[in-house]
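Notes to accompany the following structure.
The values are calculated or read from the model by the stated rules, or taken from the named source; none is laboratory data. Treat the numbers as computed from the prediction; the structure is a model and nothing was measured. Cβ atoms come from the backbone with ideal geometry, glycine included; neighbour counts cover every protein chain shown.
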Amino acid sequence: MTETDGLPTPQRHWVMACALGGFALTNLDSAIANIALPTLSHEFNASASATIWVVNIYQLAMACCLLPAAALGGMFGIKRVYAFGLILFTLASVGCAFAPTLPALVGARLIQGIGGACVSGLGPALVRVVFPRSKVGQGLGLVALVIALSGVLGPTIAAAILSVATWPWLFLVNVPVCLIAAPIFMAMAPATPGNGKGFDYPGAFLSAIALGLIVIGVGELGGEGRNAALGAIGVGIAFFVWLIAHQNRRETPLLPLDLVRIPLFALSMATSSCSYCAQILAYISLPFLFQVEMHHTAMMTGLLVTPWPIAVAVAAPIAGRLIGRYPAAILGSVGLAVMTVGLALLATMGKAPADWDIAWRMAICGVGFGFFQTPNNTTLMTAGPVSRSAAASAMLAIARLLGWSFGSALVALLFAVQGGAATVTCLIAAAVVSGLGAVISASRGLVGKPAAAAV
């Protein structure tokens, strides 16, 4: 299959329906588990600090397995590894539902995270394979739509399930979707040949340690062991430097340095990290602003945050259809500029705004983020050759992970220094980082389209 072929329309729709189901489930499971933590703590008679590992281990496994999953996708083909991830995710969901103890549940979630990494890490690469090159942006727009909607609906779905059933059904709901999607995907998805090259075990170990320590450190920054958390982040960064040095000596590196050396790809990675850093700065600080300073209930806080992901879901597919008409550098820059304006409006709205006054500001942020996300992801997925789609897909996920990690670290630092007054400072910082991303995005207009993209 060449890069411009894609799949015929009926087959493409079936494959994308299965893929979008996988995206939705892997994203829903994080939000669903968050809502279930108090219930799980009670059911297993465990402390909150022990129960939270039901969430942490899933995120940690996904972070550690992104690059290895991409490497396996290159070796054995995207279809095989994606299908393996979906099946593993299904089996682990059953294991979660029937876990007799909290350690067993945490172990099942670890396996679920490994499967989720294969699905999330290779999903964008699958879009590039099944869509014609001219419509890749539309496919990635659908992915952004599903991810945004799953983020909105996750807590509601979890609450609805727990209101009529026991906690195991939070995981059993995955099973019917996967049992339908997996065989259809195996039958309809195109075979993607692997490169047959060996697996980089030292690189996989170094990447897992580096990303794992960074994620753990960021997660603990807000707790009492701040010094230990900073130490974990520092050691993680050191391992990442070691990983780069190790990869420079390899012909087929696990960390795709060949893609990072493409200016358009590198700038798009930096832009993506800035956008996610700004997003998490706002996402973490806004609940504190709404509940602590404005005295809204938790339910009202959830409603006030909702316009952002809804606006993303509306804007992302529209941006995907505009990619063929306008350069991604322009679309991305406009999107981040709009998001910057929205963040600045949130930071300056005062201490007692009306609910509608908050909602339209949140919607502006969501429109900007959605308008940026799809063109930028399309650029990341098409800046290199189609044979490196799996690696590009993993780097897209890593850009998101790094943006969220550093944004979370900055929130923890600002709250440690300023206390409750840090909420507005976080929003200002988010606007600054988003504005920086807009400038970096605009600079892509000075970079020519790489020859590798046509290979």
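Here are the numbers for this structure:
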{"item": "Which numbered condition residue 156 misses (of (1) touching a residue at least 24 places away in the same chain (Cβ under 8 Å); (2) closer than 30 Å to residue 43 by Cβ; (3) of a type in the set (Val, Ile, Thr))", "result": "(1)"}
{"item": "Subset of the stretch 46-63 [farther than 14 Å from residue 26 by Cβ and either assigned to a helix (DSSP H, G or I) or at pLDDT 85 or above (or both)]", "result": "48, 49, 50, 51, 53, 54, 56, 57, 60"}
{"item": "Those helices (runs of 4 or more DSSP H) lying entirely in the stretch 218-293 with at least 1 residues modelled with pLDDT of 90 or more", "result": "226-247, 263-288"}
{"item": "Of all residues in the stretch 182-217 being outside any helix (DSSP H, G or I) and modelled with pLDDT of 80 or more, the one that is surrounded by the fewest Cβ atoms within 10 Å (Cβ to Cβ)", "result": "190"}
{"item": "Tally, over the stretch 115-165, of residues that are surrounded by 19 or more Cβ atoms within 10 Å (Cβ to Cβ) and either among the acidic types (Asp, Glu) or not in a helix (DSSP H, G or I) (or both)", "result": "1"}
{"item": "Qualifying position, being more than 19 Å from residue 440 (Cα to Cα) and not acidic (Asp, Glu), among 283, 326", "result": "283"}
{"item": "Some residue of the stretch 419-442 being small (Gly, Ala, Ser), closer than 19 Å to residue 291 by Cα and buried (at least 20 other Cβ atoms within 10 Å of the Cβ)", "result": "yes"}
